[in-house]
1. Expressed as a rounded percentage, what relative contact order does the chain have, with Cα pairs under 8 Å and six or more residues apart?
2. If DNA, RNA and ligands are ignored and the probe is 1.4 Å, what is the ranking of Asp38, Asp159 by accessible area, most exposed first?
3. Report, in deg cm²/dmol and to the nearest 500, the calculated mean residue ellipticity at 222 nm for the chain, where each DSSP H run with n ≥ 4 adds -39500 (n - 2.57) and the sum is divided by the residue count.
4. If you average over every viewing direction, what projected area does the convex hull of the Cα atoms of the chain give, in nm²?
5. Just to make sure I understand: if all protein chains stay in place, what is the order of Ile128, Ile5 by accessible area at 1.4 Å, largest first?
6. With Cβ to Cβ distances under 12 Å as the rule, what net charge do the other residues near Phe136 carry (K, R +1; D, E -1)?
7. Carbon and sulfur together cover what percent of the accessible area of the chain at a 1.4 Å probe radius?
8. Please compute the per residue accessible area over the chain with all protein chains in place, 1.4 Å probe, rounded to a whole number of Å².
Amino acid sequence: MAYEIGPMTRPAAGQIARWTYEGEYAVYSFRPDPETLDELMSGAYVACTVPEDGLTGYFCFGQAARIPTVEPDVYPDGPVDLGLGLRPDRCGRGEGAAFLQAGLLYARRAYGPREMRLTVACFNRRAIALYTHAGFRPQRTVTHRLSSRPFLIMTRPADP
């Protein structure tokens, strides 16, 4: 599948803000409000499209990819923080690995060969397996300050 990654547009941000994930995955849903649109348009997010299917997902970097935690100082300087979201109707269809690889390639081009870091809800075994297969390794478990849910911080060494 050919993913195209480019700047976030207001129409794409409006679509993403309305995506709703089911069940416990609802923690990944946005709210369609002005604050969410401002965040998506902050410059930290990029849109991912597939020519034959339109907007497919997004990637975000830096502070936007981090969660608020109870524990202090869980994000030391160094790694590039990566966040990602696949359109809800595309989840569970086996395209996660290709989608993640597209984001990692974009990050390498944008930030150079640096260590990558992501944060994932501990219940999300499907994503943790995907990230582990892609070379990410668990670093520590943290507690989300707003939901009190456990999240796992994972890192991946820099590409050569």
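1. Details: 258 pairs, mean separation 31.4, N = 160.
Relative contact order comes out at 20 percent.
2. Numbers: Asp38 100, Asp159 50 Å².
Sorted descending by solvent-accessible area, the residues read Asp38, Asp159.
3. -7500 deg cm²/dmol
4. For the Cα atoms of the chain, the hull's average projected area reads 9.0 nm².
5. Ile5, Ile128
6. +2
7. So the carbon and sulfur contribution to the accessible surface is 53 percent.
8. Details: 8400 Å² over 160 residues.
Per-residue value: 52 Å².
The values are calculated or read from the model by the stated rules, or taken from the named source; none is laboratory data. This structure is a prediction, so every number in the text was calculated from the model and none was measured. Note that each Cβ is placed from the backbone with ideal geometry, even for glycine, and that neighbours are counted across all protein chains shown. The protein model used for the area step is the full one, side chains on, heavy atoms only, and it has no ligands, DNA or RNA in it. Shrake-Rupley method; radii C 1.70, N 1.55, O 1.52, S 1.80 Å.
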